[in-house]
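**Student:** One structure, as structure tokens, below. Some questions next.
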Amino acid sequence: MQVLVYGAGQLAQMMYLDGAALGIDVQAVDVSNNTVVHPVSKQPLDCSLEQAIERADVLTVEFEHVPEALLETAEQSGKLHPNKDAILVGADRVREKALLERLNIPNCAHRIVTDLTQLDECVEALGERLIIKASRDGYDGYGQWRLSQKADLPALKKQLKGLDLVRVPLVVEQMLKFDREVSLIGARNVSGDIKVYPLAENLHYQGQLHVSVAPATNSDDALTAKALEIFSKLVEGMDYVGVLAVELFQCGDTLLVNELAPRVHNSGHWTQAGADTSQFENHLRAVLDLPLGDTTNIGGDAAVSAMVNIIGCDDHDLALLGLPGVHFNWYGKTVRNKRKMGHINVTASGYKALGSKLEQLSGYLSADHFPELVDEAARLQK
């Protein structure tokens, strides 16, 4: 079996590593130059993209910002999972909002802006506390602006002046006072079978995910059922195949969809060490229409996991490998500010034990790059 992944980053690399154990040959496409490469070494393979498409059993993606012309060719092959429309939903917030509205899925109150004069109407309709997002090419806090009070609107308009809002509209959302951010990751295979992982609780810093804990603290069956209902509506409404990540705001007992990621997701990395079957293996199983693997936590109901992102630095001490239940993953990239360089998975037999391990782990990491880790460790130990 052979799977061709559009995108040659760390997600394709982790798919390759899990696929090898199943006898699945995973190759990757560097979409910047349409070269077929090995997902780990990044060395070009001796075939053209056309040949790789012909040989592959399935085509898939590791990120949603694949050039649309490449996606069109992939779709025409009849081998692309998830389908092109689902991938484009993840790449375009306007399409994403339209999908959520069509499926009657709760999300943040919003307006679509194609002219800066419409921002005044947004303030009147949504209030003066707004978050403004570019509809495309924005991630990890990039392409976002905030309005805290109406008096700052003229300055914001000056900041946004020059943007081509006809080509890339803005999505303007009401800034919520949510309790926390959570995500549900699950898979649906070609036959329509669905399996989801426990709800994860996510800690962001400067618009970028830093820590995920799964299962989320203080979550009950009712909250999980609401998340599952949303997930099921989405995958069935899009005829989706593969792993899908649904990022949510929790406001009391209500869940609102924040964003969709039509692929394996950062907040699901904990599944490598903490779940019976990782999200990477389940994505491959789903797109090849194999039986989906067990998504429960290893170790039973008391087992919990955390994922800690390593962002913009490489000043960690590999002595951390001596900590029990700690698993290190390095992507082999050149260090750059806000770039995801790797991640650390931590498993434990309860939240207090997990907090204790995160506290120990913080001693092997730079406090400058992991400012929130000690606070998260303390919260879990309460």
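**Student:** Relative contact order for the chain: what is it in percent, counting Cα pairs under 8 Å that are at least 6 residues apart? Before the final figure, lay out each step's value.
**Tutor:** Details: 768 pairs, mean separation 48.3, N = 382.
For the chain, the relative contact order is 13 percent.
**Student:** Restricting to Cα pairs below 8 Å that are 6+ residues apart, what does the relative contact order work out to for the stretch 120-167? Please round to a whole percent.
**Tutor:** Working: 32 pairs, mean separation 14.3, N = 48.
Once normalised by length, the contact order is 30 percent.
**Student:** About the Cα centre of the chain, what is the dipole size in debye to 20, counting +1 per Lys and Arg Cβ and -1 per Asp and Glu Cβ, all else neutral? Before the final figure, lay out the partial values.
**Tutor:** Numbers: 35 positive and 51 negative charges, 156 e Å.
So the dipole magnitude of the chain works out to roughly 760 debye.
**Student:** Taking all protein chains as present, what is the carbon and sulfur share of the accessible area of the stretch 12-58, in % to the nearest whole number, probe 1.4 Å? Working shown, then result.
**Tutor:** Details: 1080 of 2340 Å².
Of the solvent-accessible surface of the stretch 12-58, carbon and sulfur hold 46 percent.
**Student:** Tell me what the chain gives for mean residue ellipticity at 222 nm when only DSSP H runs of n ≥ 4 count, each as -39,500 (n - 2.57), the sum divided by the residue total, rounded to 500 deg cm²/dmol. Intermediate results must be reported in sequence, preceding the final value.
**Tutor:** Details: 12 runs with 114 residues, N = 382.
Computed ellipticity for the chain at 222 nm equals -8500 deg cm²/dmol.
**Student:** Obtain the nm distance between the two label points defined at L323 and V335 by a simple spin-label model: each point lies 7 Å from its Cα along the Cα-to-C-beta direction.
**Tutor:** 2.0
**Student:** Over the stretch 283-369, give the accessible area per residue in Å² for a 1.4 Å probe, as an integer. Don't skip to the end; give the middle numbers.
**Tutor:** Values: 3870 Å² over 87 residues.
On a per-residue basis, the stretch 283-369 sits at 45 Å².
**Student:** Would you mind putting 2-10, 36-44 in packing order, based on average other-beta-carbon counts within 10 Å, highest first? It would help to have the intermediate numbers written out before the result.
**Tutor:** On the way: 2-10: 22.2, 36-44: 15.6.
Final packing ranking: 2-10, 36-44.
**Student:** Right, something else. As an exercise, take the mean of 1/r over every pair of distinct alpha carbons in the chain, invert it, and state the Kirkwood radius in angstroms. Write out the running numbers ahead of the final one.
**Tutor:** Working: mean 1/r = 0.0463 Å⁻¹.
The Cα-based Kirkwood calculation yields 21.6 Å.
**Student:** Give me the percent of the accessible area of the stretch 170-293 that comes from carbon and sulfur atoms, probe 1.4 Å, all protein chains in place.
**Tutor:** Numbers: 1760 of 3970 Å².
Carbon with sulfur: 44 percent of the solvent-accessible area.
**Student:** Dividing the convex hull volume of the Cα atoms of the stretch 162-275 by its residue count, what figure in Å³ per residue is obtained? Working shown, then result.
**Tutor:** Values: hull volume 15.8 nm³, N = 114.
Per residue, the Cα convex hull of the stretch 162-275 comes to 139 Å³.
**Student:** Can you give the FRET efficiency to the nearest 0.05 for D220 and A98, using r as the Cβ-Cβ distance and R₀ = 45 Å? It would help to have the intermediate numbers written out before the result.
**Tutor:** On the way: r = 32 Å, r/R0 = 0.71.
Efficiency at R0 = 45 Å is approximately 0.90.
**Student:** Over all distinct Cα pairs, what is the inverse of the mean 1/r for the stretch 1-48, reported as the Kirkwood hydrodynamic radius in Å? Don't skip to the end; give the middle numbers.
**Tutor:** On the way: mean 1/r = 0.0967 Å⁻¹.
Computed over Cα pairs of the stretch 1-48, the Kirkwood hydrodynamic radius comes out at 10.3 Å.
**Student:** While we're looking at this one, here's another question. Quick one: length gained pulling D253 to D164 fully straight, 0.36 nm per residue minus the C-alpha distance? Numbers along the way, then the final one.
**Tutor:** Values: separation 89, 0.36 × 89 = 32.04 nm, distance 3.85 nm.
Fully extending the segment from D253 to D164 adds 28.2 nm.
**Student:** In addition: Hey, can you find the accessible area per residue of the stretch 1-98 for me, probe 1.4 Å, expressed in square angstrom? Working shown, then result.
**Tutor:** Values: 4040 Å² over 98 residues.
On a per-residue basis, 41 Å².
**Student:** Tell me the carbon and sulfur percent of the accessible area for the stretch 307-357, rounded to whole percent, probe radius 1.4 Å. Don't skip to the answer; put the middle values down first.
**Tutor:** Numbers: 1120 of 2260 Å².
Using a 1.4 Å probe with all protein chains present, the stretch 307-357 comes out at 50 percent carbon and sulfur.
**Student:** OK, next. What number, in percent, do you get for the relative contact order of the stretch 1-147 if the mean sequence gap of Cα pairs under 8 Å and at least 6 apart is divided by its residue count?
**Tutor:** On the way: 189 pairs, mean separation 24.9, N = 147.
Dividing the mean separation by the residue count of the stretch 1-147 yields 17 percent.
**Student:** Which cross-chain or sequence-distant (5 or more) residues have an amide H under 5 Å from the amide H of N258, H modelled 1.01 Å from N in plane?
**Tutor:** Result for N258 returns E247, L248, F249.
**Student:** Work out how much length T114 to S356 would gain on full extension: take 0.36 nm times their residue separation and subtract the Cα-Cα distance, in nm to one decimal.
**Tutor:** Values: separation 242, 0.36 × 242 = 87.12 nm, distance 4.91 nm.
Value of the extension gain: 82.2 nm.
**Student:** Pull up all non-local amide H partners of R136: gap of 5 or more, or a different chain, and H-to-H distance under 5 Å with H placed in the peptide plane.
**Tutor:** Under 5 Å from the amide H of R136 lie the amide H atoms of R93, each far enough along the sequence or on another chain.
**Student:** Over the stretch 128-240, with the other protein chains present, what is the accessible area per residue in square angstrom, probe 1.4 angstrom?
**Tutor:** Values: 5500 Å² over 113 residues.
Each residue of the stretch 128-240 exposes 49 Å² on average to a 1.4 Å probe.
The values are calculated or read from the model by the stated rules, or taken from the named source; none is laboratory data. All values derive from a computational prediction rather than experimental measurement. Note that each Cβ is placed from the backbone with ideal geometry, even for glycine, and that neighbours are counted across all protein chains shown. Accessible surface is based on the protein model in full, side chains and every heavy atom, while ligands, DNA and RNA are left aside. Shrake-Rupley method; radii C 1.70, N 1.55, O 1.52, S 1.80 Å.
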